[in-house]
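The values are calculated or read from the model by the stated rules, or taken from the named source; none is laboratory data. Not measured: the values here are computed from a predicted model. Cβ atoms come from the backbone with ideal geometry, glycine included; neighbour counts cover every protein chain shown. The area values use the complete protein model at the heavy-atom level, side chains included, leaving out ligands, DNA and RNA. Shrake-Rupley method; radii C 1.70, N 1.55, O 1.52, S 1.80 Å.
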Amino acid sequence: MPAVYYSKAERRLHVGPSPAPVAPGRGEVQIAVAFGGICGTDMGIVHGKMDWRLSPEHILGHETSGTVAALGPGITGLDVGDPVTVMPLHATADDPVRRAGLEHIAESLQFLGIDAPGGFQDRWTVPASTVFKLPAGLPLNVAALIEPLAVACHDVRLGEVRPGHEVVVIGGGPIGALIALVARNAGARVLVSEINPHRLATFHNLGLEAVNPTEIDLQALVKERTDGTMADVVFEVTGHPSGIAIATALPRARGLIVVVGIHPADRPPPVDLFRIFWRELRLRGARVYEREDYDRAIALAAEGSLGLERLITRVVPIARAPEAFAAMEDGGTVMKVLLEMESGK
């Protein structure tokens, strides 16, 4: 069966045979992968941005769904055939940050799919602690969105979004879209800022208000929408200097800015610290997710109220993975592209 590899020496994406399955060891679960979502992190890998973290022939993928294929000794609570997804984070038990209850930002954190082989393969063996059982009836293609949905649940939780809040999401890619949907589900009134016409149309089809900031004055619009009060919470999801620049202009006094986009450490963007001081703004980082966010994401996906299936633009057989990555690279008419594995469905 095929797997998707990134060759570090050649900086090339290619499809090759999956590794021969090995029986899972103690504390491990082997998953027959059904679907995998292509993430912006995967795109960063194929652009050579994470070579220092990868094996020479690295299997990509961390947004997955599938069924339990085999259980290592001592595993309870799961049976072969159970539908599952993976929270691809693993830290050592003696890590001081993990012991403090913050495994997701632990010093020893391994991100499966980056620091260890990923899920774009026929059989994926992972620590049992990373496996979440799915409710019956949740389609496995939709379940492949649970990992990015958990990111959004974490962001909205840290953003302290409440019913009646005015929320602005800067950047309408897959994560921005999911933040907007989760924030609306929490009772907020949401405005999305995005320049891609296809994604703007997707938001409108989902009943979300979205605007192109190159065509309107976003700050003036937020002021008009809120009768001068401005936004309660602003999510910066672009990772671009222009995103953080406008993010500081939009919150109300003592409002909250949640930084979701990854801004490069070697080129930190300028931040309007005067406005943060002047308006007593709060600036908060949000990185990946915690277990409670996975539980919340699974519950929301199972409810079926978010319209997650409408974010899936295309499903491509794993053997045509380069085509799927090319579609994501172009970006013009896609929101989320899934790879469908040849077994495990």
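Quick notes
- Debye log10 I(q)/I(0) at q = 0.14 Å⁻¹ for the stretch 34-75, Cα point scatterers: -0.47
- Gaussian network model of the chain, Cα within-10 Å springs - most flexible of Met50, Met230, Met87: Met50
- Label-to-label distance, His198 versus Ala9, with points set 7 angstrom from Cα along the beta-carbon direction: 3.5 nm.
- Shape box of the stretch 1-41 [Cα atoms, principal axes, largest first, Å]: 35, 21, 19
- An ellipsoid equivalent to the stretch 1-146, defined through the eigenvalues of its Cα gyration tensor, has semi-axes of 23, 20, 14 Å when rounded to whole angstrom and sorted largest first.
- Principal-axis tilt of helix 321-330 within the chain, Cα atoms, nearest 10 degrees: 10 degrees
- Inter-part distance where the stretch 148-226 and the stretch 254-276 are each reduced to a Cα centre, Å: 18 Å
- Separation of the Asp272 and Ala249 label points, Cα + 7 Å toward Cβ, nm: 0.6 nm
- Helix axis angle, 291-303 relative to the chain longest principal axis, alpha carbon, degrees: 90 degrees
- In sequence order, calculated HN-Hα J values of the stretch 40-57 (Karplus, 6.51, -1.76, 1.60; Hz; x Gly/Pro): x, 5, 4, 5, x, 4, 6, 8, x, 7, 10, 4, 5, 9, 10, 6, x, 10
- The charge dipole of the chain, taken about the Cα centre with unit charges on the Cβ atoms of Lys, Arg (+1) and Asp, Glu (-1), comes to about 360 debye, rounded to the nearest 20.
- If the chain linking Glu215 and Ile105 were pulled fully straight, counting 0.36 nm for each residue of separation and taking away their Cα-Cα distance, it would gain 35.8 nm.
- A crude spin-label estimate for the pair Thr76 and Ala299, with each label 7 Å from Cα along the Cβ direction, gives 2.5 nm.
- When the GluC sites (Glu not before Pro) in the stretch 106-176 are filtered for DSSP coil states and for at most 15 other beta-carbon atoms within 10 Å of their beta-carbon, the remaining sites are Glu107, Glu160.
- Sequence-distant contacts, meaning Cα pairs under 8 Å at least 6 residues apart, place the relative contact order of the chain at 20 percent.
- Probe 1.4 Å, accessible area per residue of the chain, Å²: 43 Å²
- Per residue, the convex hull spanned by the Cα atoms of the chain measures out at 137 cubic angstrom.
- Given charges at Cβ of Lys, Arg, Asp, Glu: the chain dipole, positive-most of Met328, Phe235, Val97: Phe235
- Residues with amide H under 5 Å from that of Ala3, placed H, sequence gap 5 or more: Gly16, Ser18
- Computed log₁₀ I(q)/I(0) - Debye formula, equal Cα scatterers, no solvent, the stretch 266-313, q 0.13, 0.30 Å⁻¹: -0.64, -1.15
- Taking Cβ atoms as reference points and 11 Å as the exclusive limit, the residues near Ala93 contribute a net charge of -1, counting Lys and Arg as +1 and Asp and Glu as -1.
- Per residue of the chain, the DSSP helices (runs of n ≥ 4 H) give a summed -39500 (n - 2.57) that works out to -7500 deg cm²/dmol at 222 nm.
- Computed over protein heavy atoms with a 1.4 Å probe, the carbon and sulfur contribution to the accessible area of the stretch 82-153 reaches 55%.
- Mean-square fluctuations from a GNM of the chain, with a 10 angstrom spring cutoff on Cα atoms, peak among Asp227, Asp51, Asp155 at Asp227.
- The per residue volume of the convex hull around the alpha-carbon atoms of the stretch 86-209 is 152 Å³.
- Entry for the stretch 115-169 at q = 0.16, 0.27 Å⁻¹: log10 I(q)/I(0) = -0.74, -1.23, Debye formula applied to identical alpha-carbon scatterers, no solvent contribution.
- Value of relative contact order over the stretch 1-139, rounded to a whole percent, pairs C-alpha under 8 Å and six or more apart: 31 percent
- If the convex hull is drawn through the Cα atoms of the stretch 147-284, its volume per residue in Å³: 104 Å³
- Note on the chain: with a GNM built from Cα contacts shorter than 10 Å, the maximum mean-square fluctuation among His62, His47, His154 falls on His47.
- The Cα-based radius of gyration of the stretch 173-229, divided by its Kirkwood radius, gives an Rg/Rh of 0.96.
- Heavy atoms of Lys49 accessible to a 1.4 Å probe, total area in Å² rounded to 10: 150 Å²
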